[in-house]
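One structure is given below, encoded as structure tokens.
Any read-out appearing in this document is the output of simple, stated calculations on the displayed coordinates, not a laboratory observation. Just so we're clear, the structure is a prediction, and the values are computed from it rather than from any experiment. Virtual Cβ from ideal backbone geometry, glycine too; neighbours counted across all protein chains shown.
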Amino acid sequence: MKNQPKALFISTRQTLTDILLLSIGSVLCAIAINGILIPNHFVTGGITGVALVINKFTPLKVGWIYLIINIPLFAAAWMAVGRRFFFYSVFGALTITLSMLFVHLPIHLEDKMLNALLAGVILGVGSGLSLRSSGSQGGTDILSIMLLKRFSISIGDTILFMNVSVLLLISIFYSIEAVLYTLIVVFVGSKITHIVITGLSQRKSVVIVSQRWEEISDEILKDIKRGVTMIKGGGGYTKRDGNILYVVVTLMELGEMKRIISAIDPDAFVVISDTLEVINYRIGNQPHW
């Protein structure tokens, strides 16, 4: 039986949420570009940075340049990610293009360092909100999603690497001071993007070694209502056989998880780790790309 293609639109509510996220994200990015980057002669990495450099030598607006460069990337989105991501990314690219053309909110800060930090924060939040939708704003976001789906490379790391690489190539058109300030924009933006995408839906993996594993498992299933995986194991020193429990919980559920373990077995050995991404219909934290 052939796999059925994913539905183009999950639901009306999800569609409206995606459109809202893409729209707000695009407006925020336009505010940072038109209000901070261009007036201070800063650049940013990726396709936006290339568009800003081309804008120095042509009469074309930054928004139109950005849209034209994105055209070949849309083909990659269609083939490598899917129809839903493609259509939402086209919408996102059009939205940010229009935002850069019409949204002009001057932001005046005397300190250039503060300008760079604020631009990075605004760009990071805008890009992160867009990537929490079913699409993106195009540009390096498309390549970041492709690498995440194919190689599980974090979006923030990919955006940082690609932005710095592009920035090094275009640094000959700007002063060293402008390039250094732009590096701050790029670094802060990539970190904020990662926080917005994963930080708000962080998942923790918990490994529990305890002789009272059965009681702990029952309480987790009853109180937290999360699945528990039992792994056969044994103590190297005690030579006792038993089960090791493996659980994935949200950040909000972690405190209750520790309370349960401590109440049943204060001597339990517990390891709590961050997760890069979790794919599951109940506990997963990946957007619907």
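A simple spin-label model places pseudo-atoms 7 Å from Cα toward Cβ; at I172 and I153 they are separated by 2.5 nm. By the rule of a C-alpha distance below 15 Å, with chain neighbours fewer than 8 residues away ignored, the aspartates and glutamates paired with K222 are E214, E253, E256. All alpha carbon pair distances within the chain were sorted into 10 Å bins beginning at 0; the resulting P(r) in whole percents reads 6, 25, 26, 18, 14, 8, 2, 0.
Tell me whether region 96-186 comes out rounded, prolate or oblate; compute the Cα gyration tensor, take square roots of the eigenvalues as a ≥ b ≥ c, and use a/c under 1.5 as the rounded threshold. Walk me through the numbers before you get to the answer.
Working: a/c = 2.01, a/b = 1.33, b/c = 1.51.
Here region 96-186 falls in the oblate category.
Would you kindly calculate the translational diffusion coefficient of region 203-274, applying Stokes-Einstein with the Kirkwood radius from alpha carbon pairs, for 37 °C and a viscosity of 0.692 mPa s, and quote it in µm² s⁻¹ without decimals?
Numbers: Rh = 12.2 Å.
Rounded to a whole number, D works out at 269 µm²/s.
Would you mind checking K149/K232; K61/K149; K204/K225; K56/K191; K149/K225 for any pair whose Cα atoms are more than 23 angstrom apart?
Working: K149/K232 31 Å; K61/K149 33 Å; K204/K225 15 Å; K56/K191 28 Å; K149/K225 28 Å.
Those over the limit are K149/K232; K61/K149; K56/K191; K149/K225.
Please compute, over every Cα-Cα pair in region 118-275, the percentage with a separation greater than 26 angstrom. Walk me through the numbers before you get to the answer.
Working: 5973 of 12403 pairs.
Of all Cα-Cα distances in region 118-275, 48 percent exceed 26 Å.
Using the beta-carbon distance between E215 and I38 and R0 = 45 Å, what value does 1/(1 + (r/R0)^6) give for FRET efficiency, to the nearest 0.05?
Working: r = 62 Å, r/R0 = 1.38.
About 0.15, to the nearest 0.05.
From least to most packed, judged by other beta carbons within 10 angstrom and beginning with the fewest, I38, I96, I172, I231 follow the order I172, I231, I38, I96. In region 1-140, the ratio of gyration radius to Kirkwood radius, Rg to Rh, stands at 1.03 when only Cα atoms are counted.
Along its principal axes, region 135-187 has C-alpha extents of 37, 17, 16 angstrom, given from the largest down. Under the rule a/c < 1.5 gives rounded, and otherwise a/b versus b/c splits prolate from oblate, where does region 47-103 land using the Cα gyration tensor? Verdict is oblate for region 47-103.
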